[in-house]
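I have placed the structure first, in the form of structure tokens, so that the comments after it can refer back to it.
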Amino acid sequence: MFQRKHTTILILALGCAGLSACGQRNWRAAAIADAENQIRTNVNDPSAEFYGVQVTGNDRTGQTCGYVSAKLRTGGQESGRFIVYIDGTAGPYIENGMGTHPMTHEQIEFAWQNDCIKEGYKD
């Protein structure tokens, strides 16, 4: 009886830990989906393609960082890094003059280094 009780508690504890880990993945997946939608809208290209997308920081003050390739209104194609802040206090930002919040190369590089790389983004 004593061993069965401890086994049940252990199983419940592992299950709760597993659910907690799932919750972590869910907010990250939601942040990525939201960021990609914001960028698609921002560059006015519903077929924009994304790669290297990662969430850095936490679920309240983090950011989604990655690369986007989108069709320009002029008919060409452009690629660049982007940053979408989870709390919505700034951006979204996309380099190379893409989108409605253009940044200089120096500005995007500073934000990329401080808000993506230093927060855990792995290229």
task: Please list, in chain and number order, the residues 5+ apart from ALA90 or on another chain whose amide H is under 5 Å from its amide H, with Hs placed from the backbone.
output: TYR85
Extension gain from GLN77 to GLN113, taking 0.36 nm per residue of separation minus the Cα-Cα distance: 10.4 nm
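Readers should treat all values here as calculations from the given coordinates under stated rules, not as data from a laboratory. Predicted model, so just to flag it, every value in this text is computed and none were measured.
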